[in-house]
Amino acid sequence: MVDAVIAIDIGFGFTKATDGKDFLVFKSVYGEAVDLQFRESLLDTSSHDEHIQIEIDETAYFVGELAERQSSSRSFTLDQNQFISSSSKILALATLSKLVHQPKQSIKLVVGLPIGHYRQYKDELAKMLKTTHEFTAIGAQGERIEHAITVTDVRVLPQPIGTVMDRLLSITGIAKSQRFANDKIGIIDVGFRTTDYTISDKGRYSERGSLTTKNGISKAFAKIGTKLKEASNIDVEIYRLFEAVDSGSIKIRGKSYDLNPITEKAFKQLATAIATDANTVWADDWDIDAIMITGGGGAVLAPYIEKQLEGVVIPVKQDLDYRLHNVRGYFKFGLYTWRKQETKKTTEATA
Ligand SMILES: Nc1ncnc2c1ncn2[C@@H]1O[C@H](COP(=O)(O)OP(=O)(O)OP(=O)(O)O)[C@@H](O)[C@H]1O
Ligand SMILES: [Mg+2]
């Protein structure tokens, strides 16, 4: 049997994953699991949140929203130093606990790394993942499932390239557009904490023209949060601002605050910084055919960034949450890669 392909995009804000059928999105946060003594009452109040809990080598973790709410010890977002050693492993296994339905299954993985981590960590990450992972998944009612998932192959991609793969390949992993295979395309991936720039030259990653900055969407949200604090005296977590900003207002202690003017201003400033960096980092790449804007932050900033870019912008398809384009691209790339290998093997066998 051919192994199932699973794609995972571990971002500073959210971990995104797909098995080609379903998508999974959770906050890239984990923490020590505590005993949920009040399971019943917790379930009533937090029934919307997905319960993600795993146990690796006898240490139990809450992951995502659950960690943010319940972990008594600090919950960590992705930390540079422990990125490969623990964060990415915990977030990857948490993903598998949700997407792999048979406890002893074999799978193949495609994982994206931030541009800034790619060269240094890609081999280490692949090595860490390519093994049999024994861990326990714990359900909302405390039920335990013992997993022994074997990862038989791993591909690591620079994160923003996923968006190009998504356009280049069909959902069955077949190249569908000559254009994307022949052109030189710049990608701007606006995430929660960072913005990544990179170039896909004839479908290949080019390290030249790649850059990571701290101009993620959280920078604009921090500004909005500061203004809101001045007006209301309440600290609203950056994570919580997405919906408020989207709807244009927020209610704090019964009072409604109009967020539109400050949002407009903060987004424009951030977009200008992002576009300026693009024009600088690609100053010598005048032969770029087109530019794509992706990532969750790209969804809100694209209209502002576009106007200030030197070049033609290809709109990202609006058929999916912007945060998910990279990971859908990884999945297609996995099918493309491993299908090619399978076909080669079969032809060799029958030759
Ligand atoms: N439905 C949504 N819910 C929450 N945030 C969303 C949603 N749609 C778009 N966003 C935006 O997406 C941003 C996160 O984008 P994304 O998931 O691409 O970041 P990331 O990859 O985790 O971060 P980084 O690239 O810095 O590692 C949020 O800050 C928010 O502005
Ligand atoms: Mg990202």
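Values quoted throughout were computed directly from the atomic coordinates according to the rules given, and no laboratory measurement underlies them. Every value quoted in this text rests on a predicted model; they were computed, and no experiment measured them. Cβ: placed from backbone, ideal geometry, glycine included. Neighbour counts: every protein chain shown.
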Mind checking which aspartates and glutamates have their C-alpha under 12 Å from K16, skipping anything on the same chain fewer than 8 residues away? D321
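Please compare each pair in K223/K265; K202/K345; K108/K344 to a cut-off of 20 Å on the Cα-Cα distance and tell me which ones are over it. Kindly include the intermediate steps, with their values, before the conclusion.
Values: K223/K265 10 Å; K202/K345 26 Å; K108/K344 18 Å.
Beyond 20 Å between Cα atoms: K202/K345.
Using the C-alpha gyration tensor of the stretch 129-170, what are the square roots of 5 times its eigenvalues, in whole angstrom, with the largest one first?
On the way: eigenvalues 201, 47, 14 Å².
Semi-axes from the Cα gyration tensor: 32, 15, 8 Å.
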What length, rounded to one decimal in nm, is gained on full extension from E50 through to V2, with 0.36 nm per residue of separation minus their alpha-carbon distance? 14.3 nm
Efficiency of FRET from Cβ geometry, E58 and T337, R₀ 45 Å, rounded to 0.05: 0.80
Considering the stretch 101-245, what Rg and Dmax in Å follow from its alpha-carbon atoms? 20.1, 55
May I ask you to evaluate 6.51 cos²θ - 1.76 cosθ + 1.60, the Karplus curve with θ = phi - 60°, for each residue of the stretch 319-333 and list the ³J(HN,Hα) values in order in whole Hz, giving x for glycine and proline? 7, 8, 3, 4, 5, 9, 4, 4, 5, 5, x, 4, 4, 4, 5
Where does the longest stretch of the chain lie that holds no chymotrypsin sites (Phe, Trp or Tyr not before Pro) found in a DSSP loop with 14 or fewer other Cβ atoms within 10 Å? 39-285
Take the Cα atoms of the chain, find their three principal axes, and give me the spread along each one in whole Å, biggest first. 74, 59, 34
If you average the alpha carbon positions of the stretch 260-300 and of the stretch 121-191, how far apart do those two centres end up, in angstrom? 25 Å
What is the fewest-to-most order of E58, E342 by other Cβ atoms lying within 10 Å of their Cβ? E58, E342
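Which order do L24, L211 fall in if you start with the one that has the fewest other Cβ atoms within 10 Å? Could you put the intermediate results ahead of the total?
On the way: L24 21, L211 16.
Going from sparsest to densest Cβ surroundings: L211, L24.
Return the Rg/Rh value of the stretch 160-316, two decimal places, where both radii are evaluated on C-alpha atoms and Rh is the Kirkwood radius. Mind dumping the intermediate values first?
Details: Rg = 17.7 Å, Rh = 16.7 Å.
Rg divided by Rh gives 1.06.
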To make sure I understand the rule: partners must be aspartates and glutamates, Cα under 12 Å from the Cα of K184, and not fewer than 8 residues away in the same chain. Which ones qualify? D201, D285, D287, D289
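Under Stokes-Einstein, with the Kirkwood radius over Cα pairs standing in for Rh, what whole-number D in µm²/s applies to the stretch 143-197 at 20 °C and 1.002 mPa s? Can you show the working numbers first?
Details: Rh = 14.2 Å.
Estimated via Stokes-Einstein, D reaches 150 µm²/s.
Starting from the exponent 0.38 and prefactor 2.2 Å, build the expected Rg for the stretch 219-307 from its residue count and divide its actual Cα Rg by it. Mind dumping the intermediate values first?
On the way: Rg = 15.7 Å, N = 89, 2.2 N^0.38 = 12.1 Å.
Scaled against compact globular proteins, the figure is 1.30.
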